[in-house]
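Novice: Handing you a structure now.
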Amino acid sequence: MAKYIAQIIVVGAQVVGRAFTRALRQEFAASQAAADARGRGGQQSAAASSISGMSLQEAQQILNISKLSPEEIQKNYEHLFKVNDKAVGGSFYLQSKVVRAKERLDEELAIQKQEKPPQTQQQAET
């Protein structure tokens, strides 16, 4: 009887192990495909997200930004930074999140600027 229970446990562990391995491979393949689709800029953006600890979407939500506009980022940053100042009863934690969000968005703007080839005089005139 114990022999059968041991066999059932071993077979069950093998099935779960294979399923886990298959799921891991699929996730890795999907991740690679997404990275390839985003191209080089996507890799830089992902690196910036991992370094700052904040995704681009999270930074946009914190600063209430829909598109990456330097003027809008600066305006919302200044407002939220002042509102969350500890001297006026704000939260240092929220203020630091606002600073990190601005840093992340500034990094993304720099990445996008690198990706765009500079316009030649001829292209600018047409």
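The values are calculated or read from the model by the stated rules, or taken from the named source; none is laboratory data. Keep in mind that what you see is a predicted model, and the values were worked out from it rather than measured. Counting neighbours? That spans all protein chains shown, and the Cβs are built from the backbone with ideal geometry, glycine included. The area values use the complete protein model at the heavy-atom level, side chains included, leaving out ligands, DNA and RNA. Shrake-Rupley method; radii C 1.70, N 1.55, O 1.52, S 1.80 Å.
Novice: Spot the failing condition for LEU56; the list is (1) of a type outside the set (D, E, K, R); (2) in contact with a Leu (Cβ under 8 Å, 6 or more places away or on another chain); (3) free of Cβ contacts under 8 Å to residues at least 24 places away in the same chain, and only one is missed.
Specialist: (3)
Novice: Limited to the stretch 68-94, what total is found for residues that are surrounded by 13 or more Cβ atoms within 10 Å (Cβ to Cβ) and of a type in the set (Val, Ile, Thr)?
Specialist: 2
Novice: Something else now. What's the number of the only condition in (1) at pLDDT below 90; (2) exposed (fewer than 14 other Cβ atoms within 10 Å of the Cβ); (3) among the polar types (S, T, N, Q) that GLN14 fails to meet?
Specialist: For GLN14, the failing item is (1).
Novice: Follow-up. If I filter the stretch 101-119 for residues that are assigned to a helix (DSSP H, G or I), without any contact (Cβ under 8 Å) to a residue 24 or more places away in the chain and of a type in the set (Val, Ile, Thr), do I get at least one hit?
Specialist: No, that holds for no residue.
Novice: Identify the residue in the stretch 20-67 that is outside any helix (DSSP H, G or I) and open to solvent by less than 90 Å² (accessible area, probe 1.4 Å) and, among all such residues, is modelled with the lowest pLDDT.
Specialist: Top of the filtered list is GLY53.
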